[in-house]
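Inspection log for the structure reproduced underneath, given as structure tokens.
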Amino acid sequence: MAVTNATPIADYAVLGDRHTVALVSRGGSVDWLCLPHFDSHACFAALLGTPDNGRWLLGPADAHARSTRRYLADSFVLETVHETGSGRVRVTDLMPLADGRADLLRVVEGLEGSVRMRHEWVVRFGYGATRPWISRHVEDLEGGESRLVTAVAGPDMLVLRGTRLPTASGGRHVDEFDVAAGDRLTFSTTWVRSHEKVPPPEPVRPRLVATLAESRRWAARSRYDGPYPEAVARSLLVLRLLTDGVTGGIVAAPTTSLPEDFGGARNWDYRFCWLRDAALTLEALVGCGYLHEAEHWRRWLLRAIAGDPQDMQIMYRVDGGRELLERELPHLPGYAGSRPVRTGNGAAGQRQTDVLGEVMIAVQDARRRGMPEDEQAWALQRALVDNLAEHWDEPDNGLWEIRGPLRRFTHSRVMVWAALDRAVRAVEDHDLDGPVERWRELRDRVRDEVLTRGWNEERQSFVQHYDTTEVDASLLVISSVGFIAGDDPRMLGTIHAVEQDLMPHGLVLRYRSESGVDGLPGTEHPFLACSFWLVQAYAKAGLVDRATALMDRLVGLCNDVGLLSEEYDPTGGRMVGNFPQAFSHLTLVGAALALSEALGRQSHGPK
């Protein structure tokens with residue numbers, strides 16, 4: 001039965017330490033946290049079930065409290081002010097950066113009057129399935145004794161410390177207390193391996209200051225100076241948050257199974273590193289001046305896909321691991337009753353011919369902007385391109401991971417062209433070694449095929465695949481990758497077809513799911529990245545007014561702390577899908593960069 005009282009996705013903010021991410025609701029409930037890594041088992045999983053599946057609530061007892069929140073500038077330190085009829089209280093939440101620990105810190109400060117607060121600590125390891133063994137302890141510290149609570153199950157231990165600790169009640173730890181003006185209470189949850197000693201407490205204030213300073217230093221490196229600066233800055237920070245600080249792997253989202261169709265089965269695990277999404281993330285970061293991140297990811301790529309080029313997967317674990325076995329978790333009812341809840345991702349074994357194109361575009365862009373060349377990196381790219389040259393003509397699952405019959409998708413073929421084109425440019429512009437004549441001949445052959453078989457004369461549009469007249473939002477990137485000019489009549493015709501077929505509410509669908517191409521039941525909502533692609537396509541075509549109007553609407557869909565999900569339901573006015581979504585944020589940055597360039601052309605006139 002559907003859960004009708006699920007917290008709206010837009011009501012969540014995120015905290016993170018660049019190894020994992022927590023989702024905390026406006027009311028102060030941490031409903032999702034996997035420790036210590038993005039793809040670890042969740043210890044708080046109420047997001048996909050009920051509070052009994054684990055959460056950490058620290059918020060006002062008054063259900064009618066008014067709550068406002070913000071991130072402290074250029075960081076993911078979250079400050080929430082709760083106001084009731086009797087007073088105001090501020091809660092500051094953070095996961096400290098780069099200190100070698102896995103901690104979530106919470107500070108409660110009384111601002112005015114008195115506020116009754118509720119504290120619930122419900123730990124359930126194994127995605128909400130496993131009740132831990134709970135113990136209370138006394139530790140000897142230099143300043144005297146301190147009390148703590150530990151929760152242990154298998155290899156995992158959580159440690160709760162605080163100014164005051166909740167007491168056991170019906171399988172959870174609960175407390176209520178009053179916070180008066182001037183009061184300050186601190187709480188922390190720390191993950192540690194269960195066979196290790198409990199780590200000592202660390203003072204909150206220095207870690208807060210260090211986290212803010214580290215995050216602000218990174219944000220100050222941005223060279224973006226175009227429109228929508230706040231949305232771009234927050235999106236860049238999201239992309240960094242989703243990049244593992246040690247391995248360099250970039251996850252698509254920190255959540256699993258937030259549905260594309262409420263109450264339906266389109267629920268997927270996005271806590272992995274898609275080569276495509278990561279490459280597009282690098283394009284966004286490099287476009288704003290973050291070149292070091294490209295080198296870090298290139299090293300991750302070398303490790304992850306080392307070996308036979310034919311064994312390259314479309315996605316990997318954060319550490320580069322290849323095992324992503326998809327399974328279902330029947331003990332969880334799912335967000336808003338959307339089942340099944342899945343972990344792992346069966347699409348890892350799919351053939352998606354477009355992937356190398358995105359990788360080659362990102363690497364060539366970074367190379368053009370000054371990233372030092374690496375002999376091993378080029379050797380790998382060359383081997384991958386040579387392998388693509390042998391297999392490019394085979395049908396594939398396409399960008400959207402179609403689980404129906406394999407097709408010859410037009411977007412996939414355009415990206416084959418892009419991979420070969422960037423390989424040719426690497427040889428011609430950067431004096432790298434490679435069979436450039438062979439690559440050039442094949443590049444031209446692929447282009448001719450796309451212009452012949454991927455184009456429908458009657459519709460005056462490119463089509464989703466060679467055996468249909470349907471269109472697909474991925475066709476909007478054809479001009480962005482340089483296959484044809486943005487104002488080419490064929491591009492303008494394709495934009496018009498997308499507007500006609502895929503924009504029932506002014507936002508862009510990926511494709512018409514009614515066509516049955518994806519082999520899945522149910523429908524879905526507009527995919528935000530596709531609408532940002534339309535902004536880019538408009539900008540490339542010189543349709544700046546249209547681009548600006550759509551960009552205004554899209555940026556307005558961000559929640560109050562600047563975050564976007566995968567999709568948006570314009571009828572229900574709600575976010576849909578995994579959250580926050582790298583694809584949405586990276587395309588926001590790409591759209592802003594394209595619009596900035598178009599506005600520059602408009603103000604300076606044609607060259």
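The values are calculated or read from the model by the stated rules, or taken from the named source; none is laboratory data. Being a predicted model, the structure only gives us computed values, none of them experimental. Counting neighbours? That spans all protein chains shown, and the Cβs are built from the backbone with ideal geometry, glycine included. Each accessible area value is taken on the protein alone, full model and side chains, heavy atoms only, with ligands, DNA and RNA left out. Shrake-Rupley method; radii C 1.70, N 1.55, O 1.52, S 1.80 Å.
Couple of notes before you dig in:
- Applying the criterion of being of a type in the set (Gly, Ala, Ser) and in a helix (DSSP H, G or I) to the residues of region 334-356, the residue that is most open to solvent (accessible area, probe 1.4 Å) is GLY349.
- Condition broken by ASP472, with the remaining ones in (1) in contact (Cβ under 8 Å) with a residue 60 or more places away in the chain; (2) open to solvent by 50 Å² or more (accessible area, probe 1.4 Å); (3) under 31 Å from the mean Cα position of the chain (by Cα); (4) closer than 22 Å to SER513 by Cα satisfied: (2)
- Unmet criterion (only one of (1) over 21 Å from GLU283 (Cα atoms); (2) in contact (Cβ under 8 Å) with a residue 24 or more places away in the chain) for GLU390: (2)
- Residues that are among the acidic types (Asp, Glu), crowded, with 21+ Cβ neighbours inside 10 Å and either in contact with a strand residue (DSSP E or B) (Cβ under 6 Å, 6 or more places away or on another chain) or on the phi > 0 side of the Ramachandran plot (or both) do occur in region 552-571.
- Selection over region 152-180 of residues that are among the small types (Gly, Ala, Ser) and at pLDDT 95 or above gives a count of 4.
- Residues satisfying the stated conditions in region 165-195, i.e. within 23 Å of GLY54 (Cα to Cα), out of contact with any His (no Cβ under 6 Å at 6 or more places or on another chain) and assigned to a loop (DSSP other than H, G, I, E, B): LEU165, GLY170, GLY171, SER194, HIS195
- Strands (runs of 3 or more DSSP E) completely within region 57-151 that count 2 or more residues being among the hydroxyl-bearing types (Ser, Thr, Tyr) and at pLDDT 95 or above: 66-71, 78-84
- ALA591 vs. criteria open to solvent by less than 20 Å² (accessible area, probe 1.4 Å), assigned to a helix (DSSP H, G or I), of a type in the set (Gly, Ala, Ser) and modelled with pLDDT of 95 or more: yes
- Among the criteria (1) touching a His at 6+ places or on another chain (Cβ under 6 Å); (2) open to solvent by 10 Å² or more (accessible area, probe 1.4 Å); (3) not aromatic (Phe, Trp, Tyr), the one VAL89 does not fulfil is (2).
- Scanning region 181-199 for residues being open to solvent by less than 80 Å² (accessible area, probe 1.4 Å) and either in contact with a helix residue (DSSP H, G or I) (Cβ under 7 Å, 6 or more places away or on another chain) or at pLDDT below 95 (or both) gives a total of 3.
- From the list ARG299, ARG271, the lone residue that is touching a Phe, Trp or Tyr at 6+ places or on another chain (Cβ under 7 Å), touching a residue at least 40 places away in the same chain (Cβ under 8 Å) and either farther than 19 Å from LEU35 by Cα or of a type in the set (Lys, Arg) (or both) is ARG271.
Conditions (1) modelled with pLDDT of 95 or more; (2) in a helix (DSSP H, G or I); (3) among the charged types (D, E, K, R), marked per residue:
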{"position": "GLU470", "(1), (2), (3)": "yes, no, yes"}
{"position": "ILE484", "(1), (2), (3)": "yes, no, no"}
{"position": "GLN536", "(1), (2), (3)": "yes, yes, no"}
{"position": "ALA539", "(1), (2), (3)": "yes, yes, no"}
{"position": "GLY542", "(1), (2), (3)": "yes, no, no"}
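- Boolean, GLY486 is buried (at least 19 other Cβ atoms within 10 Å of the Cβ), over 18 Å from GLY398 (Cβ atoms) and of a type in the set (Gly, Ala, Ser): yes
- Output for region 370-399, where each listed residue is in a helix (DSSP H, G or I) and among the acidic types (Asp, Glu): GLU375, ASP386, GLU390
- GLY307 vs. criteria open to solvent by less than 50 Å² (accessible area, probe 1.4 Å), among the small types (Gly, Ala, Ser) and in a loop (DSSP other than H, G, I, E, B): no
- Of the residues making up region 244-253, those that are in contact (Cβ under 8 Å) with a residue 60 or more places away in the chain and either surrounded by fewer than 24 Cβ atoms within 10 Å (Cβ to Cβ) or touching a Lys or Arg at 6+ places or on another chain (Cβ under 6 Å) (or both) are ASP244, GLY245, VAL246, THR247, VAL251.
- Check on PHE579, more than 18 Å from ALA485 (Cβ to Cβ), in a loop (DSSP other than H, G, I, E, B) and within 15 Å of the chain's Cα centre (by Cα): yes
- Listed by first and then second residue, the pairs linking a residue in region 400-420 that is open to solvent by less than 10 Å² (accessible area, probe 1.4 Å) to a residue that is part of a helix (DSSP H, G or I) and acidic (Asp, Glu), with Cβ atoms under 8 Å apart and 6 or more places separating them unless they lie on different chains, are ARG413/GLU449; MET415/GLU358; ALA418/GLU358.
- The listed residues are VAL174, VAL152, VAL123, VAL138, and the only one of them that is over 30 Å from THR247 (Cβ atoms) and surrounded by 14 or more Cβ atoms within 10 Å (Cβ to Cβ) turns out to be VAL174.
- Residues in region 45-61 that are in contact (Cβ under 8 Å) with a residue 60 or more places away in the chain, more than 25 Å from the chain's Cα centre (by Cα) and buried (at least 24 other Cβ atoms within 10 Å of the Cβ): 1 in all.
- Residue satisfying condition, being more than 15 Å from the chain's Cα centre (by Cα), of a type in the set (D, E, K, R), surrounded by fewer than 22 Cβ atoms within 10 Å (Cβ to Cβ) and in a loop (DSSP other than H, G, I, E, B), within set GLU323, GLU295: GLU323
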